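Remarks on the structure that follows.
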Amino acid sequence: MNAPTISSPLRTMCLGHLETLQKVDHFRMAAVCSTDGFPIATLGADPQQSRRTTAMAAALDGLSKSITQELSLGTLEGTVLECELGLVLCRQVHASNRNLVLLMVLSEQATYGQALWAIKNTAREMAASLQQLVEQNASL
Amino acid sequence: MKILFIGPMGAGKTTAIHSVSDIPPVNTEAENTDAAQHSKATTTVAMDYGEIHLDEGDTVALYGIPGQNRFAFMWPILGEGAMGAVLLLDHSRADSLETLTTYLDAFPALVERGALVIAVGHTQQKQSEVLPAYRDILAGRSLALPLFVTDVREKRNVLLLIETLIANAEVNQLQDAL
């Protein structure tokens with residue numbers, strides 16, 4: 001099965017923001033995907049790995065949203081997995097008619113606060129860029 | 001008791017759980033960006049969850065898997081501890097017979113235990129026209145699993161599938177005990 005075609009401006013925009021995340025200390029990989037798990041842009045992972053990882057990110061995001069809703073906690077902003085050997089941060093990117101999932105993986109030496117600040121900031125800037133693209137091209 | 005609803009995207013897993021659940025079901029729906037695979041607006045990305053409350057105070061937990069192959073990593077996670085599964089197939093799809101084979105291969109433990117009921121939907125045709133091709137595939141593997149044509153929008157149809165699965169499990173347990 002082939003993944004749906006991703007527009008080049010969308011991929012270029014996402015890659016630009018991922019390059020910002022790449023500057024975070026102890027960066028391992030980052031990816032942007034659709035909310036149903038298709039990779040749009042990836043840094044630090046081969047295509048096969050990124051397809052698996054983005055599918056998992058979408059599932060994590062979907063489950064996190066359901067938990068947030070179940071517990072009446074408003075809108076999901078993001079999910080963090082604290083692992084023995086690193087951090088996984090997942091963040092929602094909202095535009096008016098298009099939502100994306102942003103994922104960043106850092107190794108164990110990473111600073112939690114710095115990582116959280118970086119992904120929040122990037123998600124906010126990416127949302128603004130996404131909104132601009134949506135307004136320019138409704139079929140994005 | 002835990003029952004899985006398995007099958008490809010758009011086969012009706014979320015609908016089936018909605019049809020019978022005694023609680024508001026838990027969904028993990030996301031926008032479907034893969035129109036080539038299926039035209040529906042949203043798709044399950046992690047799981048569906050519902051419950052049936054039995055008179056004796058027992059609860060049947062219903063778990064729906066995300067159907068796309070890219071979410072196959074969720075299948076064993078959700079399948080852990082399941083007593084059986086209802087496999088829903090979409091007869092309107094050209095690859096529905098291949099899909100049966102795919103799911104028989106993907107859930108070997110359930111197949112081996114005979115803990116599977118197969119329900120073919122999305123068709124107006126009679127059972128006698130629809131089922132032989134599916135039955136041939138099962139016979140080719142020496143399997144005699146319950147096979148139905150159904151519409152999972154109807155609660156009674158989904159209950160029939162679940163009752164069949166439970167009855168089959170009880171018979172298998174009795175046979176194992178002998």
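Nothing in this text is a laboratory measurement; each read-out follows from the coordinates by a stated rule. Here the structure is a predicted model, which is why all the values come from computation and not from measurement. Cβ sites come from the backbone with ideal geometry, for glycine too, and all protein chains shown count toward neighbours.
Quick look at the values:
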{"quantity": "Test item: Cα-centred dipole of chain A, Lys/Arg +1 and Asp/Glu -1 on Cβ, debye", "calculated": "260"}
{"quantity": "Partners for residue B:2 among aspartates and glutamates (Cα-Cα distance below 18 Å; same-chain residues under 8 apart left out)", "calculated": "B:22, B:48, B:51, B:55, B:56, B:58, B:80, B:112, B:163, B:170"}
{"quantity": "Among B:43, B:26, B:161 the positive-end extreme of the charge dipole of the range B:2-177 (Cβ point charges)", "calculated": "B:43"}
{"quantity": "Global form of chain B, assessed from the alpha-carbon gyration tensor, a/c cut-off 1.5", "calculated": "rounded"}
{"quantity": "Kirkwood-based Rg to Rh ratio, the protein assembly as shown, C-alpha trace", "calculated": "1.02"}
{"quantity": "Among A:114, A:22, A:48, residue whose mean-square fluctuation peaks in a GNM of chain A (springs only between Cα atoms under 10 Å)", "calculated": "A:48"}
{"quantity": "Total charge dipole magnitude, chain B, about the Cα centre, Cβ charges on Lys, Arg, Asp, Glu only, Debye to nearest 20", "calculated": "380"}
{"quantity": "Per-residue [θ]222 nm for chain B (sum of -39500 (n - 2.57) over DSSP H runs n ≥ 4, rounded to 500)", "calculated": "-11500 deg cm²/dmol"}
{"quantity": "Residue exposure sequence - B:49, A:112 - by fewest surrounding Cβ within 10 Å", "calculated": "A:112, B:49"}
{"quantity": "Sites matching trypsin sites (Lys or Arg not before Pro) across the range B:71-178 that sit in DSSP coil, with at most 15 neighbouring C-beta atoms within 10 Å", "calculated": "B:126, B:141, B:153"}
{"quantity": "Under 23 Å from the Cα of residue B:126 - lysines, other chains or at least 8 residues apart", "calculated": "B:13, B:155"}
{"quantity": "Spherically averaged projected area in nm², based on the convex hull that wraps the Cα atoms of chain A", "calculated": "8.5"}
{"quantity": "Range in chain A, longest, excluding exposed GluC sites (Glu not before Pro) [loop by DSSP; at most 15 other beta-carbon atoms within 10 Å]", "calculated": "A:1-76"}
{"quantity": "Alpha carbon centroid spacing (whole Å) that separates the range B:26-63 from the range B:159-174", "calculated": "22"}
{"quantity": "Simple Cβ-charge dipole of the protein assembly as shown, Lys/Arg +1 and Asp/Glu -1, about Cα centre, in debye nearest 20", "calculated": "800"}
{"quantity": "Cα-based reach from residue A:120 at 22 Å (exclusive), listing lysines while leaving out same-chain residues under 8 positions away", "calculated": "A:23, A:65"}
